[in-house]
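Just below is one structure, and these are the notes that go with it.
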Amino acid sequence: MGRWPDCVQIKEVGPRDGLQNEKKQVTTADKVAWIDMLSESGVQEIEYSSFVHPKWVPQLSDAHDVGRQIKRQPGVRYSALVPNMKGLELALEAGIDGASVFMSASESHNQKNINKTIDDTYPVLSEVISEAKKVNKHVTGYVSTVFDCPYEGKIKPEAVIRVCDELLDAGVDDLSLGDTIGTAVPSQVEALLDVVLTRYPKDKVIMHYHDTRGMAIANIMTSMSYGITRFDSSVGGLGGCPYAPGAAGNVATNDILYLMHGMGIETGIDERILHDAALFMQNKLGKTLPSKSLVYEVADQQLV
Ligand code: HMG
Ligand code: MG
């Protein structure tokens, strides 16, 4: 391998991280049609919804129906966010290949987001992880606020490591490290990865960037220079965390594809299908999505 990898793996989180922060409720039928489009794109994993408390995230209160109605393509892992045993039971009924558990490196964000201290969260997630593994589900452990917290400011790498160690000891297959509020710059990524990658293998680490300050692509490049090849992203750049004030959407899958394909790095994803999927949701939401390359793709199309 040269300086850059030959291929990267993208997890599409738009149906979960994207829609959880949209004010407008998208109908179940539209979500299903949209996820079915994404399933045809060649993406290897889709986080299709979230089995959190419906009062906390009403946008995704139809997770069960979505899980039951989507057409599952062979080779695609369908995962969902799961906060506790109740969520896992519902998710297993609806059908999942993977469970994504989540907690934060910062105490205040953890409490605002899941109503528990960090220490009280470990046993809850530990049970979810072990029950999910018993039925052969892939389990990803999200760690939020790994760089900055909306309540506590800068977070030290040691705080991130503490949570990652617990999640790995509990049996997660991999870790997704979240720039939840999208404020990190590449030197913060370097400071974290310098520590993280001395402890864990590269292939266990996924980076999850939100793009509030437009730094996500720079942070992805920095992560790739460390050998990281797994990223989460959201069609059109939808999204944000409802319990992280000011957080914008995830880095747009469309922008990652522009970057990777332009650099000759394979993703296995069809840009045209992703483009159509972004326009589909843009129309349903009635607003322009933030993806930069999407804007230009539309402009280029109009010129032809
Ligand atoms: P709680 O109120 O502390 O829950 O909420 P509880 O365990 O005390 O239970 C209270 C009631 O809720 C009980 O019902 C439970 O059965 C019910 P009752 O007995 O009173 O009738 N309940 C549930 N019902 C349905 N589904 C469930 C469930 N759990 C309990 N799963 C809880 C705790 C974790 C549930 C709540 O705080 C919650 O749902 N939080 C979710 C917040 C959220 O979704 N945030 C956004 C996702 S995280 C994110 O976006 C970051 C990420 O993208 C990475 C990054 O960007 O950094 C992943
Ligand atoms: Mg997120």
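Exactly one residue out of I256, I228 is more than 11 Å from ligand 2 (Cβ to nearest atom), part of a loop (DSSP other than H, G, I, E, B) and not small (G, A, S), and it is I228.
Annotation for region 56-79: at least one member residue is in contact (Cβ under 8 Å) with a residue 24 or more places away in the chain, more than 15 Å from ligand 1 (Cβ to nearest atom) and at positive phi.
Here F102 clears all of (1) within 20 Å of V143 (Cα to Cα); (2) in contact with a Leu (Cβ under 7 Å, 6 or more places away or on another chain); (3) more than 16 Å from ligand 2 (Cβ to nearest atom) except the condition numbered (3). For region 167-224, the tally of residues that are closer than 22 Å to G239 by Cα and part of a strand (DSSP E or B) stands at 11. For region 141-159, residues that are farther than 24 Å from S233 by Cβ, in a loop (DSSP other than H, G, I, E, B) and in contact (Cβ under 8 Å) with a residue 40 or more places away in the chain total 2.
The residue pairs whose first member lies in region 160-187 and is in contact (Cβ under 8 Å) with a residue 60 or more places away in the chain and within 16 Å of ligand 1 (Cβ to nearest atom), whose second member is small (G, A, S) and in a loop (DSSP other than H, G, I, E, B), and whose beta carbons are closer than 7 Å, counting only pairs six or more residues apart or on different chains, are V163/A105; T180/A244; T180/A247; I181/A244; I181/G246; I181/A247; G182/A247; G182/A248.
For the residues V146, V124, the requirement of being closer than 30 Å to V8 by Cβ and among the β-branched types (V, I, T) singles out V146. Within the span defined as region 15-24, every residue fails to be within 16 Å of ligand 2 (Cβ to nearest atom), at pLDDT 95 or above and surrounded by fewer than 17 Cβ atoms within 10 Å (Cβ to Cβ). Picking from residues in region 67-87 that are hydrophobic (A, V, I, L, M, F, W, C) and buried (at least 24 other Cβ atoms within 10 Å of the Cβ), the one that is farthest from D173 (Cα to Cα) is I70. Note on region 239-249: among residues that are in contact with a Pro (Cβ under 8 Å, 6 or more places away or on another chain) and within 12 Å of ligand 2 (Cβ to nearest atom), the one that is modelled with the highest pLDDT is G249. For region 75-89: of the residues being in a strand (DSSP E or B) and touching a helix residue (DSSP H, G or I) at 6+ places or on another chain (Cβ under 7 Å), which is farthest from ligand 2 (Cβ to nearest atom)? Filtering first and then ranking leaves A80.
The values are calculated or read from the model by the stated rules, or taken from the named source; none is laboratory data. Remember, predicted model here, so these are calculated numbers, not experimental data. Every residue, glycine among them, receives a Cβ derived from its backbone with ideal geometry; neighbour counts consider all protein chains shown.
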